[in-house]
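Let me begin by presenting the structure, written as structure tokens, before commenting on it.
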Amino acid sequence: MNNETPSPAYGQSALRVGLTCKCPRCGRGALFTGFLTVVPRCSVCGLDLSKEDSGDGPAVFIVFILGAIVVTLALVVEVNFEPPLWVHLVIWPPVIIGGALAMLRPLKGLMIALQYKNKASDSGTVDYD
Ligand SMILES: [Zn+2]
């Protein structure tokens with residue numbers, strides 16, 4: 001793999017290509033082939049993404065971000081309306097599950113784009129041979 005490839009190439013913003021789930025180098029090729037399966041190679045520029053590993057990074061950020069949002073909203077609802085406990089049990093699980101599923105793909109794309117931009121070893125684009 002060519003380690004001298006500018007990153008992200010073509011002036012792509014890591015934030016924009018990450019959140020839109022596009023290739024971190026060209027910003028045009030799709031990053032995922034399934035819900036969270038990363039394509040082995042970009043269909044547009046040929047960037048090898050087969051060794052990319054974002055690990056648990058996206059899930060950790062979702063826990064922190066979504067947790068802060070949901071806890072804040074639950075406190076606001078509790079303080080202002082004092083609903084019975086079952087109302088909380090009905091409201092928050094769908095919000096948590098839906099929010100986590102909605103945030104997972106863009107945050108994984110952002111993690112991959114930032115790994116590529118910063119030439120992290122987990123990006124799979126660095127050869128140590
Ligand atoms: Zn590409």
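A short reminder: the numbers here are calculations on the coordinates, not readings from a lab. Quick caveat, the model's predicted, so the values are computed rather than measured. Methodologically, a virtual Cβ is constructed for each residue, glycine included, from the backbone with ideal geometry; neighbour enumeration extends over all protein chains shown.
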remark   = To the nearest 10 degrees, the tilt of helix 85-117 (Cα long axis) against the first principal axis of the alpha carbons of the chain is 10
query = So for the chain, taking the charge dipole from beta-carbon charges (+1 Lys/Arg, -1 Asp/Glu), which of 83, 31, 102 sits furthest toward the positive end?
reply = 31
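Would you tally the net charge around residue 33, using a Cβ to Cβ cut-off of less than 15 Å, leaving residue 33 out, and scoring K and R as +1, D and E as -1?
Residues close to residue 33 contribute a combined charge of +2.
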remark   = If one compares the long axis through the Cα atoms of helix 57-81 with the longest principal axis of the Cα atoms of the chain, the angle in degrees, nearest 10, works out at 20
key: Size of electric dipole in the chain: Cβ of Lys, Arg +1 and of Asp, Glu -1, about Cα centre, debye, nearest 20   = 500
Amide H contacts under 5 Å for residue 41, placed H, 5+ residues apart = 49
query = Could you list log10 I(q)/I(0) for the chain at q = 0.17, 0.18, 0.22 Å⁻¹, which the Debye formula gives when each Cα is one point scatterer?
reply = -0.82, -0.88, -1.19
